[in-house]
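Student: This is the structure I want to talk about, given as structure tokens.
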Amino acid sequence: MTNTSSIPSFFRAVLHSYAMLFFSQHRGFAAVLLLVTFSHPAAGVAGLAGAALAVAGARLAGFNREWTDAGAYSFNSLLTGLALASCYAPGWALAGLVAVGAALALLLSVALGGWLGGRGLPFLSLPFLLTTWLLLLGSGPLLHLAAAEGSVYWLNDVYAVGGPRLVGLAQWVADWPWPPLLATYLRALGAVLFQDNALAGLLVAGGLLWHSRIAFSLSGLAFLVAYGLSALAGPAAGGLNEYNLGANYLVAAMAVGGVFVIPSAASYGWALGSVPVTVLLLAGLTALLDKLGLPALSLPYCVTALLFLYVLLLRERPGAGLVLTPVQRYSPERNLYAHATDRVRLAHQGAVALTLPFLGAWRCTQGYQDGGPTHLGDWGQALDFAIVDADGRSYQGAGRSVSDFYAYNKPVLAPADGVVAEVVQHIEDNAVGDVNLARNWGNTVVLRHAPGLYTQLSHLRAHSVPVKVGEHVRRGDIVGTCGNSGRSPEPHLHFQVQATPYVGSRTVAYPLAYFVAEPPSRPAGPERAAGRWAGSPEFSGRTATHVETIPENSGVAKTYVEAIPENSGMAKMYVEAIPENSGMAKMYVEAIPENSGMAKTYVEGIPENSGVAKMYVEAIPENFGVAKMYVVAIPENSDMPSAYIFAIPENSGVIKTHVAATPEFSGMASGRDVGAPDSRPRPELRHFAVPVVGETVRPPAFNRTLAQAFRFPPGYALDVRAVNAPDAPAQRWEVFTDAYNLPYLRCHATGAVAYFGGDESVFYFTAFYGSEASWLYLLYRAAYRVPLASLPGQLTTDEFPLTVVGNAALTWAQDFLAPFYRFVKPTFSLAEAPTEASDWAGRTVRLRSRVAVAWFGRERETQTAALLVQEGRISELRVQRAGTAVHLTFSVAGA
Amino acid sequence: MDLVKLTFSAAALACVAPAAARAQDQAAAFASSYAAEAKADYADAIAPLKAIYTGTYEQNLRLGWLYFLAKNYTAAAAHYQKAVEQRPYAIEPKFGLIKPLNALGQVEKMLGLYTDVLKVDPQNTQANYWAGVIYLNRKAYGPAARYFERVVNLYPFDYDSNISLAWAYLNLGKKAEARALYTKALLIRPGDAAATAGLKRL
């Protein structure tokens, strides 16, 4: 942090103190709150002074800088200042009291932060409560301060400031006929800032809505429940009418329903369930504290919130509904969206990565609980692997001897670092077809990788285990060879994960970190089931056909006619005709049912000897509103890697086409789903998945170029320049790690920060903070997930947090519904463009990615990007976004 | 409308000869009414006015007052009501009407009249204070405080509004403000029992 930025960062911290009153970091909201406090100028000054003193004190004393900058240490001092100024008349005595109070609240914030923070709980406004009580009790006998009168003689204050006109205006606003329900709600919100007027409440409510739709809806719902309860209890219940206590319901509900718990239907229930508890606490604590002459202030909210959060912490089996916020992002929306995507994307973080326990390609012959012959019940989460040839046979020759089997005596590897826990290797291999039911597991190695995480490798060859119990092994070390011992009629490898070190322990479902899977030759699995191959037996159930007419003299020789089964829900399918003498050999058509969520049809034709490597056709069904077809042809070894053909079918009767070739790296080329379903089963890189039966799996071949370019060790820095402004100073992006050892890229020019993670097989960004106009944001979206293995043509997809959606109206609508239903889906897809014929590990790689936002069946592309990676670094990034194109070049700083 | 009617009738009267004589009768009737009222003989005060009664604003106002003194509150309210309708902007008949309504216990109508007065004269101390008192009696402390605040801002050293606003604040949980006002009430009336009791409740 340089000196030039320390002054603004000081003011930012002070401003954040205001936002923190509502668990926010929204500076616009903070400014609104600051403005509202100044409706009583003395209170406004006292609050601001309290916050500023606390921030200055925290910085001087060297308390946690992150918390200081977030205003977490100073918002209690701010509250103390506001409260004191509303109790005592302005003057030197009050100034002194505010200074002492701010200091005390800061010390208590740090102390309670350490104590409660260590238990995973927030300290809320407890420091403010303790400080204010102490000062109220202590200042009476010590100081004999005059009571504050400002809020009584407010008309005189207003007159002094603005004369009769302002008095008229102030009274007009005060006398505005607010509906009583709304007025009570607004006063309760205003009371957080010790303001008792509806206008202040209205400003706070507006600011709260600006900051968070979820927090706003929680505050409204909690208020309605409290209001309903007070209506049931009768007019004597009071409490709600006392403006300065009504805030307790709202803030407690926001805290337990949206801030410290990930917002969901369950969290809303939890928040609303907290309201009756707050009502009780409010009545009880007010009565109790009255005896001491102390106001209850925000104590009921603090007690409720801590109670409702602490019991969640103490659960033995945390449910899926009420999830405590793992990383506080100071916005219910950000917390929710990050959680929703991270739960899927980063579920494996912190888990021990297990890799395939063999080299080369093996077929999974028995998967998890797939009804296989031996993997049953408690032992169901196990995998069997064997090596098969192109004909699907696992042996050569007669297959009568174990040595005829491809898998026999092949090395078996440690799937992760660990310690050998158990070795059995004295059991002789069975003859082919025999099983040893007495020694079910045969020769076995059990490895301990972490407390409660063991892997078992069984049916090893007799006396093949080179390791001993207690020996340390590294991932990839040979721990034996494949054999045919135990309940094994033919050589294969049994692999399972278990929680205990014994041979034959019950199994635990645990995914493999990464592997390349080639589906069985006949398509299977959910993503294939939707699309059926033309001419395949699945298509025989057709009942109606749709025939495309061929215009005369059009030179079209043949047409493949596709059938559309009736009532299949299949959208109309456009069929490509094959011109005569075109050399076109094959064309595959795949239709995807509309209600599958993928309302598109893909056609792929591969002309013979045409020099065109691949052609993808994407048709959009008619009722989608657009009757166009895109054809993307990618000629081999060409500078023009892609071409679009826009076909206008159906009503024109004539298949008109025009070809628009786009120059390489225009940013448009990646726009289509390049690499969409292919005619052949294509190997896919899988992350944290379990192989399914029939799949051939192998360890991925990593791409050295990508692996090196996306390694980003701390201290690594890139200089980024725009091509159209080569003389402008470069932006420096440098890699740092935070207090939790999480790496991030920071742009020195804009202050934007992008967190990233990954392993040997994949790079991904995890979070972005900062200006969305920054270049770093473009990279965050362009390289959101990059597989580091070489699998050209493979489509990698991922889901963004909703925060990347630019449309404010859409986002706000989604925000309100987000805890219950999410209809906006920002998606990411990336494919490696075929660039060079040679497939060596260090070659230049071109990646094309696409960001799209889908909602209610519509999909809108928001960014396309092309990333050139060569010589072990990111070299170029071209981004097409909202009509603007950005072309950036990169160089390694200091290289 | 009433004003227009009156103008027309006045013009008509001016054109007719007996008009001057009638004016003389009215002056005499008012004079004798005042004399009777001074002796607390309200029946005699009412009689001359009834004799010359033509339904003017002045007659209605006077009769309302005299009927009120004679404890005939219904008749008093009826005459004041006529006066209120004849001069809708005027505050005078409204305050007059409030007296018999108060005797009849018609608090809702009284509150309506105070708010009517405040529409014309938002700073009217009487209307603000008594509207506050009505809300205070209804335990509606929020609106009560709003009316008392105006009085206290206009008359910061007035005992009644100070102590009433303090009570409203106390019930609204605004204890700091209540303390300040009770302390002020003790300055106005040292040793005041109500203020001392209020301070003890804080």
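Student: Of the listed pairs B:K175/B:K200; B:K119/B:K174; B:K71/B:K99; B:K39/B:K94; A:K291/B:K200, which have alpha-carbon separations greater than 18 Å here?
Tutor: From B:K175/B:K200; B:K119/B:K174; B:K71/B:K99; B:K39/B:K94; A:K291/B:K200, over 18 Å: B:K119/B:K174; B:K39/B:K94.
Student: Something else: Rounded to whole Hz and in sequence order, give me ³J(HN,Hα) for region A:60-65 from the Karplus expression 6.51 cos²θ - 1.76 cosθ + 1.60, θ = phi - 60°, writing x for Gly and Pro.
Tutor: 4, 6, x, 6, 2, 5
Student: Over chain B, with a single point scatterer placed on each C-alpha, what log10 of the ratio I(q)/I(0) does the Debye formula yield at q = 0.13, 0.14, 0.15, 0.16 1/Å?
Tutor: Relative scattering, expressed as log10 I(q)/I(0), comes to -0.81, -0.88, -0.94, -1.00.
Student: Then there is this: By counting other Cβ atoms within 10 Å of each Cβ, how are B:T54, A:T864, A:T286 ranked from fewest to most?
Tutor: With the fewest neighbours first, B:T54, A:T864, A:T286 line up as B:T54, A:T286, A:T864.
Student: Let me ask another. Please report the equivalent ellipsoid semi-axes of region B:23-136, computed as sqrt(5 x eigenvalue) of the Cα gyration tensor, largest first, in whole Å.
Tutor: One finds semi-axes of 28, 15, 11 Å for region B:23-136.
Student: Under a plain spin-label model, where a point goes 7 Å from the Cα along Cα-to-Cβ, how far apart in nm are A:F856 and B:E92?
Tutor: Distance between the two pseudo-spin positions: 6.6 nm.
Student: What do you get for the angle between helix B:92-104 and the principal long axis of chain B? Use alpha-carbon atoms, 0 to 90 degrees, nearest ten.
Tutor: 70
Student: Sticking with this one: Semi-axes of region A:447-521's equivalent ellipsoid from the Cα gyration tensor, sqrt of 5 times each eigenvalue, largest first, rounded to whole Å?
Tutor: The equivalent ellipsoid of region A:447-521 has semi-axes of 20, 18, 14 Å.
Student: Another question, if that's okay. Taking region A:384-483, how much of its Cα-Cα pair set, in percent, is spaced more than 24 angstrom apart?
Tutor: 26
Student: Sorted by mean Cβ packing within 10 Å, highest first, what order do the peptides A:701-714, A:18-31 take?
Tutor: A:18-31, A:701-714
Student: Right, something else. Semi-axes of the equivalent ellipsoid of region A:1-178: what are they in whole Å, largest first, if each equals the square root of 5 times a C-alpha gyration tensor eigenvalue?
Tutor: Computed over region A:1-178, the values are 30, 20, 15 Å.
Student: A:D389 to A:V469: FRET efficiency via 1/(1 + (r/R0)^6), r the Cβ-Cβ distance, R0 41 Å, to the nearest 0.05?
Tutor: The computed FRET efficiency comes out at 0.65.
Student: May I ask you to evaluate 6.51 cos²θ - 1.76 cosθ + 1.60, the Karplus curve with θ = phi - 60°, for each residue of region A:720-729 and list the ³J(HN,Hα) values in order in whole Hz, giving x for glycine and proline?
Tutor: For region A:720-729, the Karplus-derived couplings read 10, 10, 8, 5, 7, 9, x, 8, 5, x Hz, x marking Gly and Pro.
Student: Within 10 Å of each Cβ in peptide B:166-178, how many partner chain Cβ atoms are there on average? Round it to a whole number, please.
Tutor: Counting other chains' Cβ atoms within 10 Å and averaging over B:166-178 gives 5.
Student: So, one more: For the pair B:D116/A:R317, report the inter-label distance in nm, with labels modelled 7 Å from Cα in the Cβ direction.
Tutor: Here the modelled spin labels are 7.2 nm apart.
Student: Once the cut-off is 25 Å, how many percent of the Cα-Cα pairs in region A:212-345 end up in the long-distance tail?
Tutor: Counting every Cα pair in region A:212-345, those more than 25 Å apart make up 28 percent.
Student: Whole-Hz ³J(HN,Hα) for each residue in region A:419-436, computed from phi via Karplus 6.51 cos²θ - 1.76 cosθ + 1.60 with θ = phi - 60°, x for glycine and proline: what do you get?
Tutor: Result, rounded to whole Hz: 10, 6, 9, 7, 9, 10, 8, 9, 8, 5, 5, 6, 6, 4, x, 8, 10, 9.
Student: So how much slack lies between A:Y502 and A:E772, counting 0.36 nm per residue of separation and subtracting their Cα-Cα distance, in nm?
Tutor: Length difference between fully extended and current span is 91.9 nm.
Student: Using amide H atoms built 1.01 Å from N in the peptide plane, name the residues 5+ places from A:F515, or on other chains, whose amide H lies under 5 Å from its own.
Tutor: The list, which skips near neighbours in sequence, is A:R686.
Student: First measure r as the distance between the Cβ atoms of A:L817 and A:A398, then evaluate 1/(1 + (r/R0)^6) with R0 = 60 Å and state the FRET efficiency to the nearest 0.05.
Tutor: In this case the efficiency is close to 0.40.
Student: Which cross-chain or sequence-distant (5 or more) residues have an amide H under 5 Å from the amide H of A:A833, H modelled 1.01 Å from N in plane?
Tutor: Answer set, sorted by chain and number: A:R846, A:L847, A:R848.
Coordinate-derived values only; no laboratory data. Since the model is a prediction, treat every value here as computed from it, not as a measurement. When we count neighbours, we look across all protein chains shown, and the Cβ atoms used for this are built from the backbone with ideal geometry, even at glycine.
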